[in-house]
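Have a look at the structure below before the remarks.
The values are calculated or read from the model by the stated rules, or taken from the named source; none is laboratory data. Quick caveat: nothing in here was measured; it's all calculated off a predicted structure. Please note: Cβ atoms are built from the backbone with ideal geometry, for glycine as well, and neighbour counts cover all protein chains shown. Surface accessibility is based on the protein's heavy atoms, side chains included, excluding ligands, DNA and RNA. Shrake-Rupley method; radii C 1.70, N 1.55, O 1.52, S 1.80 Å.
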Amino acid sequence: MAPFSKTVFLLILLTVPLCSATLGVQYYDQTCPLAEDIIYQTIRNASFYDPKVPARILRMFFHDCFIRGCDASLLLDSTPGNKAEKDGPPNISLGAFYVINNAKTKLEKACPTTVSCADIVAIAARDVVAMSGGPYWNVLKGRKDGRVSRANETINLPAPSFNTSQLIQSFANRGLGVKDLVALSGGHTLGFSHCSSFEGRLRNFSSGHDTDPSLNAVFAQSLKKKCPKPNNDSNAGEFLDPTSSVFDNNYYKQIISGKGVFASDQSLLNDYRTGLIVKAFANDQTVFFREFAASMIRLGNVGVLEEGEVRLNCRAVN
């Protein structure tokens, strides 16, 4: 992948206080000046060998921040006395943890006990978006790593079957608004879903409707072929956006065409609170990029810890 340009949508926010903790763009300038370069090189190399890395890293950031805030609790391994977040049902297929662990190993050699795992995930999420053709923004840094990770808390992640009201409430619980919901949903422009996350829309949907009527009829037939009953292929599924290796606004165009893979995606079009935003992002990629970058910064501020640690190993507490 070609290096991304740092001139695209450069958003400069020097400090943002949240939860009594203060984040800053220049947090590591003196203590680990090569931190972002080390992370970028690790992410770029991994993405070259495994095209699934960008989507998985971006999803990792969302799933981490939505549970206990952006504290890298998702990276902790389960222990004999505790089943951790990464082993919760929504995260079983996540993958790419090794990429963050590799970056951490390199950072510990360059500047020991300095860069938190939570910051690595936040920076890596920005990098995979930018490397895929999306916007670049200045990541606020200074997060600490949490010491608690529980698989049963992953039930609080927004589900693919959610309607817009449920999505709005879920985002509101994290201090995020309606525009953040629609913008961050655009992260689905990178990614793939297994049949289990949307097959409920394809058969026996409701009385009078075998298939979800909000689905484009031709698209629904295509999904049925990819997800037959019975289905013996555990890897079967559908890309959330046909241009899934490129970060663009095509996800919103798909929704307008009735080709949103998740019920949660398609619901955004038909709700008065979100429909106009979906259309605005579909019509103007520049607007989407600007709002996505701003929402990623706000998401990165969720649940920032004042009291925490900088893990030596992202998989275990110190």
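Those residues that are open to solvent by less than 30 Å² (accessible area, probe 1.4 Å), assigned to a helix (DSSP H, G or I), under 14 Å from Gly260 (Cα atoms) and not β-branched (Val, Ile, Thr), I need them from region 148-197; list them, please. Residues satisfying the conditions are Ser185, Gly186, Gly187, Cys195.
Report every pair of residues separated by at least 6 positions or lying on different chains whose Cβ atoms are under 7 Å apart, first residue within region 154-171 and within 11 Å of Arg273 (Cβ to Cβ), second open to solvent by 60 Å² or more (accessible area, probe 1.4 Å) and among the charged types (D, E, K, R). Listed by first residue and then by second, the contacts come to Thr164/Arg273; Ile168/Arg273.
Scan region 201-234 for residues that are small (Gly, Ala, Ser) and modelled with pLDDT of 90 or more and the total you get is 4. Just to verify a result, which residue in region 250-278, among those that are outside any loop (DSSP other than H, G, I, E, B) and of a type in the set (Gly, Ala, Ser), is farthest from Phe205 (Cα to Cα)? Looking at the filtered set, the residue picked out is Gly275.
Which residues, taken from region 293-318, are open to solvent by 10 Å² or more (accessible area, probe 1.4 Å) and not in a loop (DSSP other than H, G, I, E, B)? Correct list: Ala294, Ile297, Arg298, Glu309, Asn313, Ala316. When Thr105, Thr113 are checked against the criterion of being of a type in the set (Val, Ile, Thr), surrounded by fewer than 23 Cβ atoms within 10 Å (Cβ to Cβ) and in a loop (DSSP other than H, G, I, E, B), Thr113 stands alone in meeting it.
Selection of region 204-234 for residues being closer than 18 Å to Phe192 by Cα and open to solvent by less than 70 Å² (accessible area, probe 1.4 Å) yields Leu215, Phe219, Ala220, Ser222, Leu223, Lys224, Cys227, Pro228, Asn231. What about Thr105, is it under 10 Å from Cys314 (Cα atoms) and either of a type in the set (Val, Ile, Thr) or touching a Leu at 6+ places or on another chain (Cβ under 9 Å) (or both)? Spelling it out, Thr105 is indeed under 10 Å from Cys314 (Cα atoms) and either of a type in the set (Val, Ile, Thr) or touching a Leu at 6+ places or on another chain (Cβ under 9 Å) (or both).
Kindly evaluate Phe247 against the criterion of being in contact (Cβ under 8 Å) with a residue 40 or more places away in the chain, surrounded by 15 or more Cβ atoms within 10 Å (Cβ to Cβ) and not in a helix (DSSP H, G or I). Yes, satisfied. Being over 24 Å from Pro160 (Cα atoms) and under 14 Å from the mean Cα position of the chain (by Cα) is a description that applies to Ala130. Would you say Ile120 is at pLDDT 95 or above and crowded, with 24+ Cβ neighbours inside 10 Å? Considered against the rule, which asks whether it is at pLDDT 95 or above and crowded, with 24+ Cβ neighbours inside 10 Å, Ile120 comes out as yes.
Scanning region 250-281 for residues that are more than 18 Å from Lys224 (Cβ to Cβ), open to solvent by 40 Å² or more (accessible area, probe 1.4 Å) and of a type in the set (S, T, N, Q) turns up just one, Asn270. Within region 118-145, which residues are under 16 Å from Phe66 (Cα atoms) and out of contact with any Gly (no Cβ under 6 Å at 6 or more places or on another chain)? Matches in region 118-145: Ala118, Asp119, Val121, Ala125, Arg143.
If the condition is being among the charged types (D, E, K, R), assigned to a loop (DSSP other than H, G, I, E, B) and without any contact (Cβ under 8 Å) to a residue 24 or more places away in the chain, then region 208-244 contributes Asp210, Asp233.
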